[in-house]
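Okay, structure first, notes after.
The values are calculated or read from the model by the stated rules, or taken from the named source; none is laboratory data. Because the structure is a prediction, the values reported are computed rather than measured. Here the Cβ positions follow ideal geometry from the backbone for every residue, glycine too, while neighbour counts run over all protein chains shown.
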Amino acid sequence: MSEEKNEPLDFIRSIVTEDVKNGKRDGQVVTRFPPEPNGYLHIGHAKAICIDFGIAKEFGGVCHLRMDDTNPTKEDVEYVDSIQEDVHWLGFDWGENFFYASYYYDKLYEFALELIRRGKAFVCDLTAEEVKEYRGTLTEPGKESPYRNRSIEENLDLFERMRKGEFPDGAKTLRAKIDMADPNIHMRDPAVYRIRHAHHHRTGDKWCIYPMYDFAHCLSDSIEGITHSLCTLEFEIHRPLYDWFIDAVGAEPHPQQIEFSRLNLTYTVMSKRRLLELVNGNYVNGWDDPRMPTLCGFRRRGYTPEAIKKFCEILGITKTNSLSDIALLEHCLRDDLNKRAPRVLAVMNPLKVVIENFPEGDVDELEAINNPEDPSQGSRKVPFTRNIYIDRNDFMEDPPKKFFRLGPGREVRLRYGYFIKCNDVIKDADGNIVELRCTYDPETRGGSAPDGRKVKGTIHWVSADHAVEGEARLYDRLFSVENPGAEKNWLELLNPDSLEVKKIYVEPCLAEVEPGYICQFERQGYFCADKDYTQEKPVFNRSVALRDSWAKAQGKK
RNA sequence: AACCCCGUGGUGUAAUGGUAGCACAAGUGGUUUUGGUCCACUUAGUCUAGGUUCGAAUCCUGGCGGGGUUGCCA
């Protein structure tokens, strides 16, 4: 009975709250997440998952996971497995409530029979092309099929023979008898069953007729006792049909379909068709390529489930067509990672630095905090030696005004190490900088000077003798335009930078840098992701990211 | 020129007839052993025209704009 007046309720929660209050369906809440196993789950699905599972949980209900597998030609067990894995990874649990629409093929067949017996469906011999002609257009009504008035007995007989496999694909369909003049084209005698002599990933060759989405979905919901059938906006126009089928066969209970807007992200393509094209065309290395907006792609890129869920929560539930800024998603990840990800020193684009007053062969073990945001994560030792690498981007021979890092004659702090001062710049014959000669101040061990003097910059470094070398791709964004989803020639907009392989050098506390991708977050840092990414893996912070940010700012001026 | 849905800062949202608020982004300043984090501040909004009302982002009507719908896909 608690009244949470201050908590704003989105329109779906308002409806559910009202239903529960009114004792509708005994106050039970049962939702479902119903993907078709024809591809991998992407960030757009994450929103639906958060809503479906989230609302069920909030109202003390359950959420089913149901594979909407009514089209055997497009589906595969590979996808079933990945979907389960990804939903679990996000942190949701369907318990015992895992189903397939194909579990209900027998019941659905019975419902179809009932539809025929009630005179509400007929077997139609029109070809696909003819059906299209008869359907009419958006502005003109359709014409009734010449087969529309077959007797119930004949329909029953024909439908039974369809099931037995007496007809080839496309020869006949079972159609609902509704209204060919309905302004909603989906109500103009829609198909209920079609013939498909195809092997189904679960039921094998048992069936050669398969129910259409509109018929199977609402009745599957009813069979499972779903109370609120939440889906995206494109199904809005299907809702009258959803209701019609349930009423027409007299199914109980009658779930309520409610639609919300789907997620769109800037710089990202989201449709399964296009993602499949990226995979099949080898533009990416599979569904879990870290550049993909799939959940497994985000996972490899180092995203946490918490960040994704938080993002979905912030977006809220509305019916407004929207294009969400991926910067918000990145913010959610930084926010999460910042609190818990261990940090490690890293250098990309190494520049050798010789500390002239540090003895050759000596190793100084320095103490480094694992996570400045979380002291409980402890510290580690970092070896300091005469020869180190810093990032090329952290040195400028002719530093402009607001550049705070190393330059000739300047002093900076090596993070967790010493202050160093640049005395000399060594170049090769072509004038490229190949080495820096510096001196360190032994008094500044740990990073602070007893005399109280300050430095403006703190830079990353690794011991040249101890650094672990690896390669990684620098992930920026797969696409280089605002919204490639809207572009016709979207494949040409792939960002070439996303393919660039870079060297990376990290502290010896890491055994190796596994080949993978490096995710770039300006001003926050990079972290490395790979096939077996875990949240315990470190963020390679600062260095290049900050440099790029600075460069970008300069470019603006 | 059909039907349905949706229009609040650049973006995503809150306010359900009573002070237009939050977050991201952008910008400025401060703290800082990550140019990160954190803190403070700034910029910026109810598509439009009428109507109802003491009072409209909210209700009504028209216009304008965006999206969806003509699979034997889901």
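Checking every residue in region A:67-89 against the condition of being closer than 30 Å to A:Ala181 by Cα, surrounded by fewer than 20 Cβ atoms within 10 Å (Cβ to Cβ) and β-branched (Val, Ile, Thr) gives zero matches. A residue that is in contact (Cβ under 8 Å) with a residue 40 or more places away in the chain and touching a His at 6+ places or on another chain (Cβ under 9 Å) occurs somewhere in region A:407-415. When you look at A:Val363, is it at pLDDT 95 or above, more than 10 Å from RNA strand B (Cβ to nearest atom), among the hydrophobic types (A, V, I, L, M, F, W, C) and more than 30 Å from A:Lys309 (Cα to Cα), yes or no? So A:Val363 fits the description; yes.
Only residues that are within 15 Å of RNA strand B (Cβ to nearest atom) and of a type in the set (Phe, Trp, Tyr) were counted in region A:31-88, giving 3. Considering only region A:484-501, I want to know if a residue exists there that is part of a strand (DSSP E or B) and in contact with an Asp or Glu (Cβ under 7 Å, 6 or more places away or on another chain). Looking for residues that are part of a strand (DSSP E or B) and in contact with an Asp or Glu (Cβ under 7 Å, 6 or more places away or on another chain), one finds at least one in region A:484-501, hence yes. Of all the listed residues (A:Pro484, A:Pro450), the sole one being farther than 19 Å from A:Glu356 by Cα, in contact with a helix residue (DSSP H, G or I) (Cβ under 7 Å, 6 or more places away or on another chain) and at pLDDT 90 or above is A:Pro450.
Filter region A:90-109 down to the residues that are part of a helix (DSSP H, G or I) and without any contact (Cβ under 8 Å) to a residue 24 or more places away in the chain, then identify the one that is surrounded by the most Cβ atoms within 10 Å (Cβ to Cβ).
So the first thing to find is which residues in region A:90-109 are part of a helix (DSSP H, G or I), and the list is A:90, A:101-109.
Then keep just the ones that are without any contact (Cβ under 8 Å) to a residue 24 or more places away in the chain; that gives A:103, A:106.
On the way: A:Tyr103: 18, A:Asp106: 11.
Going through the qualifying residues, I end up with A:Tyr103.
Restricting region A:145-165 to residues that are part of a loop (DSSP other than H, G, I, E, B) and within 15 Å of RNA strand B (Cβ to nearest atom), the residue that is farthest from A:Tyr210 (Cα to Cα) is A:Pro146. Of everything in region A:449-491 that's under 24 Å from A:Ala327 (Cβ atoms) and surrounded by fewer than 14 Cβ atoms within 10 Å (Cβ to Cβ), which residue is farthest from RNA strand B (Cβ to nearest atom)? Step by step, filter region A:449-491, then rank; the result is A:Glu482.
Check region A:31-44 and report whether any residue there is polar (S, T, N, Q), closer than 23 Å to A:Pro255 by Cα and in contact with a Cys (Cβ under 6 Å, 6 or more places away or on another chain). Checking region A:31-44: at least one residue is polar (S, T, N, Q), closer than 23 Å to A:Pro255 by Cα and in contact with a Cys (Cβ under 6 Å, 6 or more places away or on another chain).
Across region A:379-399, not a single residue is classified as assigned to a helix (DSSP H, G or I), without any contact (Cβ under 8 Å) to a residue 40 or more places away in the chain and over 15 Å from A:Trp461 (Cα atoms). Would you check which residues across region A:169-180 are touching a residue at least 12 places away in the same chain (Cβ under 8 Å) and more than 10 Å from RNA strand B (Cβ to nearest atom) and list them? Scanning region A:169-180 gives A:Ala176, A:Lys177, A:Ile178, A:Met180.
Counting only residues that are near RNA strand B (Cβ under 10 Å from one of its atoms) and more than 22 Å from A:Asn483 (Cβ to Cβ), give me the helices (runs of 4 or more DSSP H) lying completely in region A:255-357 with at least 1 of them.
By residue number, A:305-315, A:326-340.
What residue, among those in region A:1-29 that are assigned to a loop (DSSP other than H, G, I, E, B) and touching a helix residue (DSSP H, G or I) at 6+ places or on another chain (Cβ under 7 Å), is modelled with the lowest pLDDT? In this case the residue turns out to be A:Leu9. Within region A:305-334, residues that are closer than 23 Å to A:Phe92 by Cα reach partners that are in a loop (DSSP other than H, G, I, E, B) and within 6 Å of RNA strand B (Cβ to nearest atom) with beta carbons closer than 6 Å, at six or more positions or on different chains, in the pairs A:Gly316/A:Asp10; A:Ile317/A:Asp10; A:Thr318/A:Ser261; A:Arg334/A:Gln524. Taking every residue in region A:50-71 that is over 19 Å from A:Leu108 (Cα atoms) and among the charged types (D, E, K, R) and pairing it with any residue that is modelled with pLDDT of 95 or more and crowded, with 23+ Cβ neighbours inside 10 Å, at least 6 positions away or on another chain, the pairs with Cβ-Cβ distances below 8 Å are A:Asp52/A:Thr31; A:Asp52/A:Arg32; A:Asp52/A:Phe33; A:Asp52/A:Cys63; A:Asp52/A:Leu230; A:Lys57/A:Cys63.
Please find, among A:Asp169, A:Asp182, A:Asp221, A:Asp189, the residue that is closer than 16 Å to A:Ala101 by Cα and either part of a loop (DSSP other than H, G, I, E, B) or of a type outside the set (A, V, I, L, M, F, W, C) (or both). On inspection, the qualifying residue turns out to be A:Asp221.
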